[in-house]
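Participant: First the structure, which I've put down as structure tokens, then a few questions once you've had a look.
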Amino acid sequence: MFVTKRFLAIGFSLSALFILGLELPWVFATAQSLTASFVALSLIDLALCYRHKNPLQGRRMVGDRFSNGDTNEVQIWVANQLSLSLQIEVIDEIPIQFQERNFKLQFKLAPNAEKAHSYNLRPTQRGEYHFGKLNIFLSTTLGLIQRRIRHNQAHTVKVYPSYLLMRQYELLAVSHRLTEVGIKRIRRISNQSEFEKIREYVEGDDIRSINWRATARRNSLMVNQYQDEKAQEVYCLLDMGRTMKMPFNGMSLLDYSINASLIISNIAMYKQDRAGLLSFSKEIHSMVAAQRRPGHLNTLLETLYHQQTEHAESDYQRLLVKLNHHIHKRSLMILFTNFESLVTMRRQMPYLRLVAQKHLLLVVFFHNTELNKLLETTPKQLDEIYTKTIAEKFDLEKRQIILELERHGIHAILTAPKQLNVDLINKYLQLKSLGKF
């Protein structure tokens, strides 16, 4: 049994009357009368709250998995089994990772009615999240006594890479609406394409694709339609070393890269390519061969779920040996890493060049968003000028990394974490249209 704020407020008021009544006898008598009424009402309220063994039912409705970095809905369902109105207060035991200490739902419930309320959670780390018990506090319209009912709703939810965002991009691709999120419409330039079918000419078609024999037979202009070459291999290479622990908006760079790997793998499979995965740091952690068979996307999802960063430096020589030993067909290699300086990049350049000799290598690394904020400020004091000058030096070095990579025939993307998916899909479509792999 719990007492409410209203109970405490009335109790304090009566105490004040008793103190005042020490000097004024009529006030003391009034306080006694009011106290008797207050006790009677409290007993009535107590009886109303506790006369039924099961006055209400409650249930938490949540799936078995959450999407990392996305808004995930949790529903609370409560049913009133009494013939009187109740004031409901729900305190859910949310997983400790969210550090939510003031969560509370409050609402009224009519007699014999039920109601569902929802709230949202945004996880920023992969792993297992444990929900505890569902605590429901009920009180009547008198509002003096509260009864707590605990429902054993212990439940474990696994937080996976962002499959919600992956489905969003998939739906946009299927409905040809990728331009709505910033994906450029890229015209196919290369001749590395496969014949698909013959169709009627429409305005805007390349006249060089006219099929004159079919035109003569049908007595109307017919053109050959081509599609991008299929069954090409796309591998996401995840650097899981210490540099990928850097946080942005609550998530590490590795988690952004993992989400992007899932999205680009799904897009590649939609484009009839085969998607694969390799993660490494000082050793090779996992490898999934490029495939496009049913269930392969789920294999990638499960593999990405278990990836974790390490504090060690990544061994690019070991990566090179693994690629040479297992991948012989020319493929698109998308390397997610985070070069912070030219010195760091040049230390790995010999291995990157050897990879680029056999495959099309695309290096994806990240802007330091905190530095970008400094670059946008206008310094007013001497120390602010020094700080901005250093920030400009780091920013310039990032751009020099791109130039050096491209000088050796290696493609590169320098992007902010929130812009990663759009920039990566644009680059993939561009490379595919040029027939680079």
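Participant: How far is it, in nm, from the label point at residue 329 to the one at residue 209 when both lie 7 Å from their Cα along the line to the Cβ?
Facilitator: 2.4
Participant: Further question on the same structure: Across the Cα atoms of the range 1-135, what radius of gyration and what greatest pairwise Cα-Cα distance (Dmax) are found, in Å?
Facilitator: 21.4, 68
Participant: OK, next. Hey, can you grab everything whose amide H is under 5 Å from the amide H of residue 415? Only 5+ residues off in sequence or another chain; H modelled, so Pro and N-termini drop out.
Facilitator: Distant-sequence amide H within range of residue 415: 365, 366, 367.
Participant: Can you send over the carbon and sulfur percentage of the accessible area for the range 305-437, probe radius 1.4 Å, protein chains only?
Facilitator: Working: 3610 of 6800 Å².
Result for the range 305-437: 53 percent of the exposed heavy-atom area is carbon or sulfur.
Participant: Where only protein heavy atoms count, and the probe is 1.4 Å, what is the accessible area per residue for the range 279-436 in Å²? Kindly include the intermediate steps, with their values, before the conclusion.
Facilitator: Values: 7990 Å² over 158 residues.
I get 51 Å² per residue for this part.
Participant: Size of the range 81-146 along its principal axes in angstrom, Cα-based, largest extent first?
Facilitator: 45, 22, 15
Participant: Quickly work out the residue 33-to-residue 357 label distance, labels modelled 7 Å from Cα along the C-beta direction, and quote it in nm with one decimal.
Facilitator: 10.3
Participant: If you don't mind, there's one more thing I want to ask. Enumerate the amide H contacts of residue 127 below 5 Å, restricted to partners 5 or more residues apart or on another chain; note that Pro and chain-start residues carry no placed amide H.
Facilitator: Here 159 satisfy the definition.
Participant: Percent of alpha carbon pairs in the chain separated by more than 30 Å?
Facilitator: Details: 58009 of 95266 pairs.
In whole percent, the share of Cα-Cα pairs in the chain beyond 30 Å is 61.
Participant: With labels modelled as points extended 7 Å from the Cα through the Cβ direction, what inter-label distance (nm, one decimal) is found for residue 197 paired with residue 104?
Facilitator: If labels sit at residue 197 and residue 104, their model points lie 6.3 nm apart.
Participant: Out of 165, 405, 17, any idea which swings most in a Gaussian network model of the chain, alpha carbons joined below 10 Å?
Facilitator: Among 165, 405, 17, the largest mean-square fluctuation in the Gaussian network model of the chain belongs to 17.
Participant: Test of understanding: express the Cα radius of gyration of the range 259-364 as a ratio to 2.2 N^0.38 Å, with N the residue count.
Facilitator: Details: Rg = 14.0 Å, N = 106, 2.2 N^0.38 = 12.9 Å.
Normalised Rg, Cα atoms only: 1.08.
Participant: Which GluC sites (Glu not before Pro) does the range 344-437 hold that lie in a coil by DSSP with at most 16 other beta carbons within 10 Å?
Facilitator: Values: sites: 370, 376, 384, 392, 397, 404, 406; in loops: 376.
Those that pass, being in a loop and sparsely packed, are 376.
Participant: Return the calculated 222 nm mean residue ellipticity for the chain, to the nearest 500 deg cm²/dmol, obtained by summing -39500 (n - 2.57) across DSSP H runs with n ≥ 4 and dividing by the residue count. List each step's numbers first, then the result.
Facilitator: Numbers: 11 runs with 165 residues, N = 437.
Theoretical 222 nm ellipticity from helices: -12500 deg cm²/dmol.
Participant: Give me the net charge of residue 70's neighbourhood, meaning all other residues with Cβ under 12 Å from the Cβ of residue 70; Lys, Arg count +1, Asp, Glu -1. All intermediate terms of the calculation are to be shown ahead of the outcome.
Facilitator: Details: positive: 65, 122, 167; negative: 73, 255.
Local charge sum for residue 70: +1.
Participant: Which helices of the chain meet both criteria: a Cα extent of 18 Å or more along the helical axis and a mean Kyte-Doolittle score no lower than 1.0, with helices taken as whole DSSP H segments?
Facilitator: In the chain, the long hydrophobic H runs are 5-21, 25-50, 253-270.
Participant: List, in order, the whole-Hz ³J(HN,Hα) value for each residue of the range 153-161 obtained from phi through the Karplus relation with A = 6.51, B = -1.76, C = 1.60 and θ = phi - 60°; use x for Gly and Pro.
Facilitator: Result, rounded to whole Hz: 10, 4, 7, 10, 10, 8, 9, 9, x.
The values are calculated or read from the model by the stated rules, or taken from the named source; none is laboratory data. In this text the structure is predicted, and so the values were computed from the model without any measurement. Here the Cβ is made from the backbone with ideal geometry for all residues, glycine too, and neighbour counts use every protein chain on show. Accessible surface areas use protein heavy atoms only, side chains included; no ligands, DNA or RNA. Shrake-Rupley method; radii C 1.70, N 1.55, O 1.52, S 1.80 Å.
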